[in-house]
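Presented below is the structure to which this report refers.
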Amino acid sequence: MKRARYQMLVGLLLCGLFGFSAAGFGAWRELEPIPTGRWGLAAAAVGDTVYAIAGQDDSPKISKVEAFDIAKGKWEESKEIPQGRVRHAAVTFRGKIYVFGGSFDGIAALGSVQEYDPKNDAWTNKTDMPTPRIAPMVVAMSSNIYVIGGATDLYFPSPAIEVYNPTTDTWEKKADMPNPRWGAAAAGIAAKGKIYIFGGATDFTHEESTTDVDEYDTRTETWTPKKKLQRPLHNFSASFVNSGKMYVMGGQKWKGKGGVDGGVNDPDWTFYDDVWEYWPEKDEWNRMGARMPKAKSSYGHAVANGKIYVAAGWAGGAGDENGTHVYQPPGWPFPDKFSVEPQNKLATIWGEIKQRQ
C-alpha cells in the first residue's frame, strides 16, 4: 500500500499537479512567436533579453533586430543592424553583442563586424575580419572572440581562425583548422581554453556535411578528435550551459537525391528535432527524451540563465517559421558553482574546479 502511494505521489509530481514543472527533468516550453519569421539569423542574450538579428524571409536579406524580454515574455523591436545579412554569427561579450560576417546576396562573404550596445540601443562598426566569411563559428574566450572556419564566396569552406580583441578592436591570425567547414555548431569552456566544433558542411554544394567533433585547445592551437555525431549535420546549434554540459540540437542533412543545386530551395532535405547532451569532460553523448517542438535548421539560439532559447529558422519553406521556445536542461537550476557571469559570458568556475582535480 505504501509503495502504491509513493508511485502515485511521484506521478503527480511529474504531471505538475503540485506546482512542479516537468521542465526540471529537461523540457520545452512555447513562448510568444517572433514577429518576423526568418532563417539564417543570429541570436545572442544579454542579461534577461534575447536578441534576434537579421536573417532572411521571402524578401531580400533583412536588417531587423527583435528583442525577447524574458520577464515580460514579449518581443519588442530594437534598432536595426546597419546592413542586412544572412548566415552571420553573433556572440555576447561583456554586456555587448558582436556580429561577424555573413552574406548580403547569398554568394559573397562579408567581412564586416558590428558591435551592439543594448543600453543605448546603438550599433557601431568595428574593424573588419581579415578573412570575410559566411556561417563561421564564433566563441568568446577570456578576453578574446574566436572566429573559426565558415565559408568564403560561393560557400567554399575556409580553414581560417582569427581572434578578435574587442578592447583594442584588433585581429590576430592563428594556425588554420585542419578540416574546414561552415554551418557547424560550436561551444567553448573559457577557463579550460577549449572550443568544441560539431559537424558542419564540408563543400560548396550544401550537400556534404560531416559527423566530426573536434576539440580545439586555444592555448596550444592543437586539435583533438572526439566522439562523432550520430549523423552528418549542418546549420544547427551547440550550447554550453552552466551544468558543464553542452546541448546539440536540430539541423539538416541532404537526402542525396532530387535537386542538383543543393540550395535552400531544394526540397530534398531532412530536418531533425533531436536534442543530444554532450559531456566534454567524459567525451560522452546522451540522447534527450524531450525533442525540439519542430524539426528545423538555421534558427537563432542563445543561452540565458542556464536555459536555451530557440527562435525562427528553416523547416523547408522560406521565412515561414516563427516559433519561439525555451529548453530547460535537466538539473536546472544549477548549483552556484556552475554559474555564468552576468551578460551571458561562458562559464568559468566549472573549468577551474576541474583543473584543480
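Since every read-out is calculated from the coordinates, none of them should be taken as a lab result. All values reported here derive from a predicted model rather than from experimental measurement. So basically every Cβ, Gly included, is an ideal-geometry build from the backbone, and we count neighbours across all protein chains shown.
In plain terms, the chain from T168 to D69 could stretch by 32.6 nm, reckoned as 0.36 nm per residue minus the Cα-Cα distance.
In order along the stretch 107-116, the Karplus-derived 3J(HN,Hα) couplings, from 6.51 cos²θ - 1.76 cosθ + 1.60 at θ = phi - 60°, round to 10, 8, 7, 8, x, 5, 10, 10, 10, 10 Hz, and Gly and Pro are given as x. Evaluated at q = 0.14, 0.23, 0.29 Å⁻¹, the base-10 log of the normalised Debye intensity for the stretch 177-240, with identical point scatterers placed on the Cα atoms, takes the values -0.37, -0.93, -1.28. For the listed peptides 29-38, 49-58, a ranking on the average number of other beta carbons within 10 Å per residue, highest first, reads 49-58, 29-38. Both numbers refer to the Cα atoms of the stretch 23-153; Rg and Dmax are 14.7, 44 Å. Legend: distances between Cα atoms for K173/K294; K173/K226; K119/K174; K119/K253; K61/K227; K79/K296; pairs beyond 29 Å are K173/K294; K119/K174; K119/K253; K61/K227. Legend: calculated FRET efficiency, R29 to K227, from the Cβ-Cβ distance at R0 = 45 Å, rounded to 0.05, equals 0.90. Label-to-label distance for D153 and D217 is 3.9 nm, based on points extended 7 Å past Cα in the beta-carbon direction. Can you compute log10 of I(q)/I(0) for the stretch 55-132 with the Debye formula, treating each Cα as one identical point scatterer, at q = 0.13, 0.14, 0.21 Å⁻¹? After summing over all Cα pairs, the log10 values are -0.41, -0.48, -1.00. Considering only Cα atoms, the convex hull volume of the stretch 103-215 works out to 110 Å³ per residue. The H on the amide N of M141, modeled in the peptide plane, is under 5 Å from the matching H of Y146, each at least 5 residues off or on a different chain. Fully extending the segment from R94 to K119 would add 7.8 nm, taking 0.36 nm per residue of separation and subtracting the current Cα-Cα distance. Simple spin-label estimate for F204 and S143 gives 4.0 nm between the two label positions (7 Å along the Cα-to-Cβ direction from each Cα). Rg/Rh, computed from the Cα trace of the stretch 133-271 with Rh as the Kirkwood radius, has the value 0.98.
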